[in-house]
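Report on one structure; see the data block that follows.
The values are calculated or read from the model by the stated rules, or taken from the named source; none is laboratory data. Computed from a predicted model, the values in this text were never measured in an experiment. A quick note on method: Cβ atoms are made from the backbone with ideal geometry, for glycine too, and the neighbour counts reach across all protein chains shown. Remember, those area values only see protein heavy atoms, side chains included, never the ligands or the DNA or RNA. Shrake-Rupley method; radii C 1.70, N 1.55, O 1.52, S 1.80 Å.
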Amino acid sequence: MRIGLFIPCYVDQFYPRVGAATLRLLERFAPRLATQPWQSVEIVYPREQTCCGQPMANAGCVEEAKPVAERFLAAFRACDYVVGPSGSCVAMVRKHYHGLIADEAARAQLEAKTFELCEFLVDVAQVDEIAGNFAHRVGLHQSCHGLRELDLGRGSERMLPAFNKVRQLVAGLDGIELTDLDRPDECCGFGGTFAVFEEAVSCMMGRDRVADHRRHGAEVLASADMSCLMHLGGLIRRDGEPLRVMHVAELLCEAMGLRIDVD
Amino acid sequence: MSAHAVAAAEFVANGSRAAWHDQALWFIRAKRDNQARSLPEWEHLRELASQVKLHTMSNLAGLLEQFDENARRLGARVHWARDAAEHNAIIHGLLAERSVRRVVKSKSMLTEECGLNPYLERHGIEVTDTDLGEWIVQLRDEAPSHIVLPAIHIKKEEVGALFHDRLGTAAGATDPKYLAEAARQRLRQKFLAAEAGITGVNFAIAETGGFVVCTNEGNADLGTSLPPLHIAAMGIEKIIPRAADLGVFLRLLGRSATGQPITAYSSHFHGPRPGGELHIVLVDNGRSSLLGSEDFRRSLNCIRCGACLNTCPVFRRSGGHSYGVTVAGPIGSIINPARDAAEHGSLPYACSLCGSCSDVCPVKIDLHNQLLTWRREIVARGLLAPAKRTMMRAASFVLRRSWLYRAAGAAARTALRISPRWLVYSRLNLWGRQRELPEPPAKSFRAWYDEHQEGR
Ligand code: SF4
């Protein structure tokens, strides 16, 4: 069985640690997918991958997004699973490739095998609770696409039974204290090019999110989506807020003592 | 920058006002959550409402005819208006024939959409908006900023100053009770003097020919009880098939709009009152072309509860006026480009695509997906700003070539590392105005993987 590591372009370029942490977690938990002793579970990183095409697709530029989406499809064609550490990029592949990929059957197949990291760990690898130690007050930032498009949790607008796959993975760590928020799942204001073209609103949204986390005493701001954290982290650094920003994959690796040897 | 981005930046620049606006609307969103939670069948109701609306939209012509017939049988006169101009002309004609000079009007976004007030005023007819919020914005010579809470952008201190100026209330008065009472007194005179009452329509029932107007102040009743002439203006999408469907919508509307179990007054009108006249104006104004569009048809399900505005993090922080249209917020950003894509083509971009609107909408309109679809439509019609298109072309060119992507990434990271701060954080760098860029690592993930992982 082949698991394809999907490292979105901005993670590849700016957050190699997050890519490495994702790989380490998969190395740790993916072997349990083997149902027979002779079955091997291989984690591959297809080199031809670049980007899922979300920036272009979100701008409405279908023609520009198509070749990028086709490249993605080709890069992961030989994989049984595609797993990536970014809710919004995974949502792009799962929910918005319609009309971008010429081969309908191939698109359906790709959709069915693509997972966000936490979702993959919970739903496919059947990881219940992770043993480890992380003695900090942690605020979880919900990524909108993870929440509302991938159903990683139940959004506060919906009147349905509560669940949260990201929270579930970290909640069992020793010493961890998960903080609550006044607005549990409001958007951070990143939104891709929105962050640039609606800069004023985007930054106000981000500052409000950070303030909500600070008000509730978070020391670490964690999320399953690095794109939200790129925006929030940028504000946190500019404002000198005493908050550490971590992707959930990094957090889990640190808690489990898995070394991420990226400088 | 788009018109919305510019206006939004101005709104945000007044930080305390923007924060206050955001909190006022979030408070209502929270009230809505409490009310929705109190109904175990909430999600079921939403599904039911969306099914009824879907059925309605696929039978719209027949249902409208049925309504027309039944309303006439009840003694109402029914008029059909193709667009805003016809709507205004019909209403003006009715008023002029009866030499009406003074009109009271309860809340109706449709008449706003059609520009009825200025039109009638140009013809020497005085129109008084009787919804308190609408009246406040009317006194300020402004447009409503929100479909349910038209004066939500105005603070009570400002209302106090306005009333002091226009109604002679005590200087510096801010007590909402006192101010509301002053408004009530003045509006009462308007009600008594009016020769005609205009209302909107929340739900028109095909099966009976009756219709319902929902208000919290009872002003639809007041405005139609005294004058002999009642004109009700409705968009053609306001129709529902049966009286039995009404309960579904009334239960959803109040809860979604203001977090009340039900709107305070749901006034039912079945034909004219004895000795009076009732006219119903059915208005298309672009709605049938929406109906003809596979992609955007569902936006006609909208019952104008305003929940998507209240939940929208962008609307809350940029204010309704920043959208420059009658119906602002997520739903407005779908229906306005349909009317004029060139004029309103930037509205679908005034959105972070968070999807909260879709999940809050009581009739399950997939708002954020329709906004995304609109963006595709804007590009297809060649209406995207050329600079943005060029940017996307360049990105696509790079991202479809793995080697070029690698080279460009490395170059960008190096440039970021070695460039002086003033160069990186120049005026052109909108990202960096208030935010730091990510700290560029020496190696990409790919490079690290090649070094550490191969042969492991
Ligand atoms: S789109 Fe939905 S949430 Fe928004 S105003 Fe209409 S009915 Fe309400």
(message) For the pair A:His98/B:Ala30, report the inter-label distance in nm, with labels modelled 7 Å from Cα in the Cβ direction.
(response) 3.7 nm
(message) Using only the alpha-carbon atoms of the protein assembly as shown as identical scatterers, what base-10 log of I(q)/I(0) does the Debye formula give at q = 0.05, 0.11 Å⁻¹?
(response) -0.28, -1.15
(message) Leaving out ligands and nucleic acids, and using a 1.4 Å probe, what accessible area per residue does segment A:5-79 come to in Å²?
(response) 34 Å²
(request) Might you list the cysteines of chain B that have no disulfide-compatible partner by the rule of another cysteine's Cβ under 4.7 Å? (result) B:Cys114, B:Cys214, B:Cys302, B:Cys305, B:Cys312, B:Cys351, B:Cys361
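Kirkwood hydrodynamic radius, computed over distinct alpha-carbon pairs, for segment B:136-242: how many Å, to one decimal?
Working: mean 1/r = 0.0631 Å⁻¹.
Evaluated over segment B:136-242, this radius sits at 15.8 Å.
Where in segment B:352-456 are there GluC sites (Glu not before Pro) that are in a DSSP coil and have at most 15 other Cβ atoms within 10 angstrom of their Cβ? Write down the numbers at each step before the final one.
Details: sites: B:Glu377, B:Glu436, B:Glu451, B:Glu454; in loops: B:Glu436, B:Glu454.
Those satisfying the criteria are B:Glu454.
Treating only the Cβ of Lys, Arg, Asp and Glu as charged (+1, +1, -1, -1), what charge dipole size does chain B show about its Cα centre? Round to the nearest 20 debye.
Numbers: 57 positive and 46 negative charges, 305 e Å.
Rounded to the nearest 20 debye, it is 1460 debye.
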(request) In nm, give the distance between the simple-model label positions of B:Arg297 and B:Ala96, each being 7 Å from the Cα along the Cα-to-Cβ direction. (result) 3.9 nm
(request) May I ask you to work out the translational diffusion coefficient for segment B:47-86 at 25 °C, viscosity 0.890 mPa s, via Stokes-Einstein with Rh from the Kirkwood sum over Cα pairs, reported in whole µm²/s? (result) 208 µm²/s
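Taking N as the number of residues in chain A, what is its alpha-carbon radius of gyration divided by 2.2 N^0.38 Å? Display every interim value, and only then the final one.
On the way: Rg = 17.9 Å, N = 263, 2.2 N^0.38 = 18.3 Å.
My calculation over the Cα atoms of chain A gives 0.98.
Expressed as a fraction of 2.2 N^0.38 Å, the rule-of-thumb size for a compact globular protein of N residues, what is the C-alpha radius of gyration of segment A:153-214? Mind dumping the intermediate values first?
Values: Rg = 14.4 Å, N = 62, 2.2 N^0.38 = 10.6 Å.
With N residues counted in segment A:153-214, Rg over 2.2 N^0.38 Å equals 1.36.
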(request) Summarise the partner chain shielding of A:47-59 as one whole number: the mean count of Cβ atoms from other chains within 10 Å of each residue's Cβ. (result) 5
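What value, in deg cm²/dmol to 500, does the helix sum -39500 (n - 2.57) over DSSP H runs of n ≥ 4 give at 222 nm once divided by the residues of the protein assembly as shown?
Working: 34 runs with 353 residues, N = 719.
Rounded to the nearest 500, it is -14500 deg cm²/dmol.
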(message) Probe radius 1.4 Å, ligands and nucleic acids left out: can you give me the accessible area buried at the A-B interface, summed over both chains, in Å² to the nearest hundred?
(response) 6900 Å²
(message) Please give me, ordered by residue number, the chymotrypsin sites (Phe, Trp or Tyr not before Pro) of segment B:108-164 that lie in loop per DSSP and have at most 16 other Cβ atoms within 10 Å.
(response) none
(message) Give the residue list of GluC sites (Glu not before Pro) in segment B:79-188 that are DSSP loop and have at most 16 other beta-carbon atoms within 10 angstrom.
(response) B:Glu142
(message) Translational diffusion coefficient of segment B:293-376 at 10 °C, 1.306 mPa s, Stokes-Einstein with Kirkwood Rh over Cα pairs, in µm²/s as a whole number.
(response) 128 µm²/s
(message) Under a crude label model (7 Å from the Cα following the beta-carbon direction), how far is B:Trp403 from A:Arg77 in nanometres?
(response) 2.0 nm
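Compute the semi-axes of the equivalent ellipsoid of segment B:317-454, taking the square root of 5 times each eigenvalue of the Cα gyration tensor, and list them largest first in whole Å. Working shown, then result.
Numbers: eigenvalues 270, 69, 57 Å².
Value: 37, 19, 17 Å, ordered largest first.
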(request) Would you kindly find the accessible area of A:His216, with a 1.4 Å probe and non-protein molecules such as ligands, DNA and RNA excluded, rounding to the nearest 10 Å²? (result) 50 Å²
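Let me know the Kirkwood hydrodynamic radius for segment B:228-378, please, with Cα pairs as the basis and the value in Å to one decimal. Walk me through the intermediate numbers first.
Numbers: mean 1/r = 0.0596 Å⁻¹.
Computed over Cα pairs of segment B:228-378, the Kirkwood hydrodynamic radius comes out at 16.8 Å.
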(request) Report Rg(Cα)/(2.2 N^0.38 Å) for chain B, keeping two decimals. (result) 1.14
(request) Could you tell me the distance between the Cα centroids of segment A:153-198 and segment B:105-132, to the nearest Å? (result) 44 Å
(request) Taking every pair of Cα atoms in segment B:1-95, average 1/r, invert it to obtain the Kirkwood radius, and report Rg/Rh to two decimals. (result) 1.17
